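Colleague: Questions regarding the structure given below will be posed in turn.
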Amino acid sequence: MADKNTTHGQGFATRMSHAGRAGTRVHGFVNPAVHRGSTVLHPNAESRRAFQKDKWNRVMTYGTAGGPTQYALEDVVAEIEGGTRCVLVGTGLAAVTVPLMAYLKTGDHCLMPDSAYGPARNVCNGLLKDWGVETTYYDPLIDEAGIRALIRPNTKVVYTESPGSHTFEVQDVPAIARAAHAAGCVVMMDNTWGIHHFMPFQHGVDVSIQALTKYVGGHSDVLLGSITVNSEKDYEVVRGAASQMGHFAAPDDCWLALRGARTMPIRLKQQEKSGLEVARWFENRPEVLSVLHPALPSHPQHALWKRDFSGACSLFGVVFKPHYTEADIFNFVDALKLFGIGASWGGFESLALPTTGFITRTATSPDLGGFTVRIHIGLEDVGDLIADLTQGLATLPK
Ligand SMILES: *Cc1c(COP(=O)(O)O)cnc(C)c1O
């Protein structure tokens, strides 16, 4: 349930400072305690039985049902995405798999964008396929009529992710959602890139997925995922599936994510600004073919991004000119001193990850025109980052 202390109408930073706090103050301290526990004791047997009947309504029956630390984070995440209820799970990937498994049954059909996060494809091609669920991958740039044409009588889920992992196509989510809802399908979205810059429930999404591991955690030290919904009906489906499968978010991890959320608006603002500055700088470099950043006017779906998003995060792609080899690009990345080489993003530190080998496509072409590096801009001084990138580019053959 949304916290009584929500402060709708105020700015994002104000809301992130206050969300999830009412009822969690302990002995006057500002932050909630970390309530670790499995057993929850009851004063008598009748009380225990009464609690069991109402297990999802924030009645503490057992550790797996969550407790005060989780409830506070649920409220914060619902506030970030503008939903009513949130289910926390141990990783962003579990936040992808749980709703897919919750809504899809044997004989059902799922529509998945060709640009989806790789592990989302894996579950469609793995467990779901084994259980008799069929997936069709679609061009992420599809329009309303395109989705309508792909929907079958047994299509149950239309999944979206915008912008796409590694390739950054912006989807027309409202149009996709219109076609999906007209056919009675559930619309899911991996909204990790958009965070609060894309308000999923205002654009027709029913179930919104976040890897809290990224900007909410913000410090590369926690794995966590959330599934946010805007109706009790969807909450019961998602929460029911998560509970049946034993999903859980550890209180220590929730506490870290809560701590991260308080400073996220200001980190995001700085990282958006620095990210754009570096993206523009890359765009003017002779070594670069294109920069895949939806907030740049050169991005093919820039107008769509502008229509639906209120801002950008600091993750984007850089496509190098085709005469550079993979070895050249690896040398460039290896030469960087301030950029780590690794998966994930959203932390305080910058990352550079060659992504060409990570892109799987079956419905569209994976060819971006050259080798690609995914850049995440952290909180370092942007002048230092650009100086480091400049010396890195100097390793490329003339
Ligand atoms: C990282 C990521 C996930 C998964 O999050 P984990 O916590 O690492 O499991 C899901 N979707 C997207 C778009 C991601 O970038």
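Colleague: Being among the small types (Gly, Ala, Ser), in a loop (DSSP other than H, G, I, E, B) and within 15 Å of Ser314 (Cα to Cα) narrows it down to one of Gly204, Gly194, so name that one.
Modeller: Only one candidate passes the filter, namely Gly194.
Colleague: Which pairs have Cβ atoms under 7 Å, sit 6 or more apart or on different chains, and link a residue in region 219-242 that is farther than 23 Å from Trp193 by Cα to one that is within 16 Å of the ligand (Cβ to nearest atom) and not β-branched (Val, Ile, Thr)?
Modeller: Ala241/Met101
Colleague: Run Tyr138 past the list (1) within 14 Å of the ligand (Cβ to nearest atom); (2) more than 29 Å from Pro265 (Cα to Cα); (3) in contact with a Pro (Cβ under 9 Å, 6 or more places away or on another chain) and report the number of the one that doesn't hold.
Modeller: (1)
Colleague: Something else: Quick one: in region 79-101, of everything that is away from the ligand (no atom under 16 Å from the Cβ) and surrounded by fewer than 24 Cβ atoms within 10 Å (Cβ to Cβ), which residue is nearest to the chain's Cα centre (by Cα)?
Modeller: Taking the candidates together, the pick is Gly82.
Colleague: Report every pair of residues separated by at least 6 positions or lying on different chains whose Cβ atoms are under 7 Å apart, first residue within region 178-207 and in contact (Cβ under 8 Å) with a residue 40 or more places away in the chain, second within 14 Å of the ligand (Cβ to nearest atom) and among the basic types (Lys, Arg).
Modeller: Thr192/Lys214
Colleague: If you go through region 216-236 one residue at a time, how many are within 16 Å of the ligand (Cβ to nearest atom), surrounded by fewer than 21 Cβ atoms within 10 Å (Cβ to Cβ) and among the small types (Gly, Ala, Ser)?
Modeller: The total comes to 1.
Colleague: Only one of these is loosely packed, with under 13 Cβ neighbours inside 10 Å and touching a Gly at 6+ places or on another chain (Cβ under 8 Å): Pro322, Pro297, Pro397. Name it. Explain how you work it out, then say what you get.
Modeller: Values: Pro297 fails: touching a Gly at 6+ places or on another chain (Cβ under 8 Å); Pro397 fails: touching a Gly at 6+ places or on another chain (Cβ under 8 Å).
After applying the criteria, what remains is Pro322.
Colleague: Name the residue, out of Asp172, Asp75, that is touching an Asp or Glu at 6+ places or on another chain (Cβ under 7 Å), over 28 Å from Phe358 (Cβ atoms) and away from the ligand (no atom under 16 Å from the Cβ).
Modeller: From the options Asp172, Asp75, the qualifying one is Asp75.
Condition check ((1) crowded, with 20+ Cβ neighbours inside 10 Å; (2) under 25 Å from Thr390 (Cβ atoms); (3) at pLDDT 95 or above; (4) among the hydrophobic types (A, V, I, L, M, F, W, C)) across all residues:
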site	(1), (2), (3), (4)
Arg285	no, yes, yes, no
Leu315	yes, yes, yes, yes
Lys337	no, yes, yes, no
Ser350	yes, yes, yes, no
Thr356	no, yes, no, no
Ile359	no, no, no, yes
Thr372	yes, yes, yes, no
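Colleague: Regarding region 268-281, can at least one residue be identified that is in contact (Cβ under 8 Å) with a residue 24 or more places away in the chain, of a type in the set (D, E, K, R) and buried (at least 22 other Cβ atoms within 10 Å of the Cβ)?
Modeller: No.
Colleague: What tally of residues in region 209-260 results from selecting those that are under 21 Å from Leu104 (Cβ atoms), over 16 Å from the mean Cα position of the chain (by Cα) and not basic (Lys, Arg)? So that I can check it myself, show each step before the final result.
Modeller: Start the filter on region 209-260 by keeping residues that are under 21 Å from Leu104 (Cβ atoms), which leaves 209-211, 225-247.
With the extra rule that they be over 16 Å from the mean Cα position of the chain (by Cα), the set shrinks to 230-247.
Okay, now just the ones that are also not basic (Lys, Arg), so 230-232, 234-238, 240-247.
Qualifying residue count for the region: 16.
Colleague: Within region 184-209, count every residue that is more than 8 Å from the ligand (Cβ to nearest atom), buried (at least 24 other Cβ atoms within 10 Å of the Cβ) and polar (S, T, N, Q).
Modeller: Total meeting the criteria: 2.
Colleague: Another one. It is to be established whether one or more residues within region 235-251 are within 19 Å of Ala19 (Cα to Cα) and assigned to a helix (DSSP H, G or I).
Modeller: Yes, that holds for at least one residue.
Colleague: What are the residues in region 149-163 that are surrounded by 24 or more Cβ atoms within 10 Å (Cβ to Cβ) and of a type outside the set (A, V, I, L, M, F, W, C), if any?
Modeller: Tyr159, Thr160, Glu161, Ser162, Pro163
The values are calculated or read from the model by the stated rules, or taken from the named source; none is laboratory data. Treat the numbers as computed from the prediction; the structure is a model and nothing was measured. As a convention, Cβ positions derive from the backbone with ideal geometry for all residues, glycine included, and neighbour counts pool all protein chains shown.
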